[in-house]
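Novice: Structure in structure tokens, see below.
The values are calculated or read from the model by the stated rules, or taken from the named source; none is laboratory data. The shown structure was predicted, so the numbers you read here are calculated from the model rather than taken from an experiment. Quick reminder, even Gly has a Cβ in these numbers, built from the backbone with ideal geometry, and neighbours come from all protein chains shown. These area figures cover heavy atoms from the full protein model, side chains too; ligands, DNA and RNA do not enter into them. Shrake-Rupley method; radii C 1.70, N 1.55, O 1.52, S 1.80 Å.
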Amino acid sequence: DAGVTQSPTHLIKTRGQHVTLRCSPISGHKSVSWYQQVLGQGPQFIFQYYEKEERGRGNFPDRFSARQFPNYSSELNVNALLLGDSALYLCASSLVGQVAGGSPYEQYFGPGTRLTVT
Amino acid sequence: AQSVAQPEDQVNVAEGNPLTVKCTYSVSGNPYLFWYVQYPNRGLQFLLKYITGDNLVKGSYGFEAEFNKSQTSFHLKKPSALVSDSALYFCAVRDPAGGYQKVTFGTGTKLQVIP
């Protein structure tokens, strides 16, 4: 079975521009989460989507938005790009044991999209 | 709020020696704990998890981790290190009472296995 896929692999944008990153989860996984990993740091949680609804949001500005489609794929959008948005953006999919509580299931990560803002 | 601390930025160990990568956590209730490994320019790969039950958890590639509730620790261990184990290791925690699926990662520990 295919793992989590992300596109594009690399992206170079200019400050002020907008970017859309895409993610396809593992077949059967209905939950998708997005993380930002700045060089030298651990991944920081941005969003979690399950059944097309936002289930959680990290401490990121409103310039960051996301959505999940009926086939459970997802897009992360970032508006008005800043130099500080340069990072590896990771998508992860998982099963979900409970919607209201924490899931015991591990996440499976895609290879990431490397975004460089100049 | 949930948090994870990995006190060592880098751990060096000789090939064939046992290795330990340390992790401590803070959550309001009983935690779900995870270890992931990241190779250069790659996404994270799941190694093992603790949900409940036996405090010693076995995972992929010969790794294991010991959950210690009194010390709020979840250290990653391997009896005999391989050069191919050299990578970046992340500890992560999820609070089941958190209301959603947020996972908090540590800052990572670089493991260097010396031939």
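Novice: What net charge is computed for the residues neighbouring A:R22, neighbours being all others with C-beta under 12 Å from the C-beta of A:R22, Lys and Arg scored +1, Asp and Glu -1?
Specialist: Working: positive: A:R67; negative: A:E75.
Once positives and negatives cancel, what remains is 0.
Novice: Using θ = phi - 60° and the Karplus form 6.51 cos²θ - 1.76 cosθ + 1.60, what ³J(HN,Hα) does each residue of segment A:22-38 get, whole Hz, x for Gly and Pro?
Specialist: Karplus-based 3J(HN,Hα) across segment A:22-38 equals 10, 8, 10, x, 4, 4, x, 8, 9, 10, 10, 10, 10, 9, 10, 10, 7 Hz.
Novice: Moving on to the next point. Sorting A:R22, A:R57, A:R63 by accessible area (1.4 Å probe), largest first, what list results? Write out the running numbers ahead of the final one.
Specialist: Numbers: A:R22 115, A:R57 75, A:R63 55 Å².
Descending order: A:R22, A:R57, A:R63.
Novice: Please compute the alpha carbon radius of gyration of segment B:1-74, then divide it by the globular-protein estimate 2.2 N^0.38 Å. Two decimals is fine. Before the final figure, lay out the partial values.
Specialist: Details: Rg = 13.1 Å, N = 74, 2.2 N^0.38 = 11.3 Å.
The value comes to 1.16.
Novice: Taking 8 Å as the Cα distance limit and 6 or more residues as the minimum spacing, I'd like the relative contact order of chain A as a percentage. Let's see the in-between values first.
Specialist: Numbers: 301 pairs, mean separation 41.9, N = 118.
This gives 36 percent for chain A.
Novice: Once neighbouring chains are kept in place and the probe is 1.4 Å, which whole percent of the accessible area of the protein assembly as shown is contributed by carbon and sulfur? Before the final figure, lay out each step's value.
Specialist: On the way: 5320 of 10780 Å².
Ligands and nucleic acids excluded, carbon and sulfur reach 49 percent.
Novice: Then there is this: Most mobile of A:S31, A:S74, A:S86 per a Gaussian network model of chain A (Cα springs, under 10 Å)?
Specialist: Fluctuation is largest for A:S86.
Novice: Roughly how many whole Å is it from the C-alpha centroid of segment B:9-37 to that of segment A:13-51?
Specialist: That distance is 24 Å.
Novice: Could you work out the local net charge near B:V103, counting Lys and Arg as +1, Asp and Glu as -1, over the other residues with Cβ closer than 12 Å to its Cβ?
Specialist: Working: positive: B:K49, B:R94, B:K102; negative: A:E106, B:D95.
Combined, the nearby Lys, Arg, Asp and Glu give +1.
Novice: Residue separation times 0.36 nm, minus the C-alpha to C-alpha distance between A:T116 and A:T9: what's the value?
Specialist: On the way: separation 107, 0.36 × 107 = 38.52 nm, distance 1.13 nm.
Additional length available on full extension: 37.4 nm.
Novice: Roughly how many Å² is the accessible area per residue of chain A, as a whole number, for a 1.4 Å probe? All intermediate terms of the calculation are to be shown ahead of the outcome.
Specialist: On the way: 5440 Å² over 118 residues.
On a per-residue basis, 46 Å².
Novice: Can you run phi through the Karplus equation (6.51, -1.76, 1.60; θ = phi - 60°) for segment B:66-74 and list ³J(HN,Hα) in whole Hz, with x for Gly and Pro?
Specialist: 10, 8, 10, 5, 5, 9, 6, 10, 8
Novice: Tell me: how much accessible area in total is hidden between B and A, 1.4 Å probe, Å², nearest 100? Could the numbers behind the result be given before it?
Specialist: Values: alone 6290 and 6400 Å², together 10780 Å².
Using a 1.4 Å probe on protein heavy atoms, the buried area is about 1900 Å².
Novice: For A:K13, which sequence-distant residues (separation of 5 or more, or a different chain) have an amide H within less than 5 Å of its own amide H, given hydrogens modelled in the peptide plane?
Specialist: Hits under the 5 Å cutoff: A:T116, A:V117, A:T118.
Novice: Calculate the spin-label point distance for B:K58 paired with B:A5, positioning each point 7 Å from the Cα along the beta-carbon direction, and give it in nanometres.
Specialist: Distance between label points: 3.2 nm.
Novice: In the structure displayed, which of B:K78/B:K102; B:K22/B:K77; B:K69/B:K102; B:K22/B:K78; B:K77/B:K110 lie more than 19 Å apart, Cα to Cα? Walk me through the intermediate numbers first.
Specialist: Numbers: B:K78/B:K102 28 Å; B:K22/B:K77 9 Å; B:K69/B:K102 21 Å; B:K22/B:K78 12 Å; B:K77/B:K110 14 Å.
Among B:K78/B:K102; B:K22/B:K77; B:K69/B:K102; B:K22/B:K78; B:K77/B:K110, the Cα-Cα distance tops 19 Å for B:K78/B:K102; B:K69/B:K102.
Novice: Right, another one. Beyond 21 Å, what share of the Cα-Cα pairs of chain A remains, rounded to the nearest whole percent? Could you put the intermediate results ahead of the total?
Specialist: Working: 2201 of 6903 pairs.
Cα-Cα pairs in chain A separated by more than 21 Å: 32 percent.
Novice: Now, a different point. With r as the distance between the Cβ atoms of B:T72 and A:A80 and R0 = 41 Å, compute the FRET efficiency 1/(1 + (r/R0)^6) and round to 0.05. Working shown, then result.
Specialist: Numbers: r = 40 Å, r/R0 = 0.97.
Rounded to the nearest 0.05, the efficiency is 0.55.
Novice: In a shell of Cβ-Cβ distance under 12 Å around B:P31, excluding B:P31 itself, what net charge do Lys and Arg (+1) and Asp and Glu (-1) give? Write down the numbers at each step before the final one.
Specialist: Numbers: positive: B:K49, B:K69, B:R94; negative: B:D95.
Net charge around B:P31: +2.
Novice: In whole Hz and in residue order, list the ³J(HN,Hα) couplings for segment B:26-40 that follow from phi through the Karplus curve 6.51 cos²θ - 1.76 cosθ + 1.60, θ = phi - 60°; x for Gly and Pro.
Specialist: Taking θ as phi minus 60°, the curve returns 9, 9, 7, x, 7, x, 9, 10, 9, 10, 10, 10, 10, 8, x Hz for segment B:26-40.
Novice: Could you list, bin by bin from short to long, the percent of Cα-Cα pairs of the protein assembly as shown in 5 Å steps?
Specialist: Going out from 0 Å in 5 Å bins, the protein assembly as shown shows 1, 7, 14, 18, 19, 17, 12, 7, 3, 1, 0 percent.
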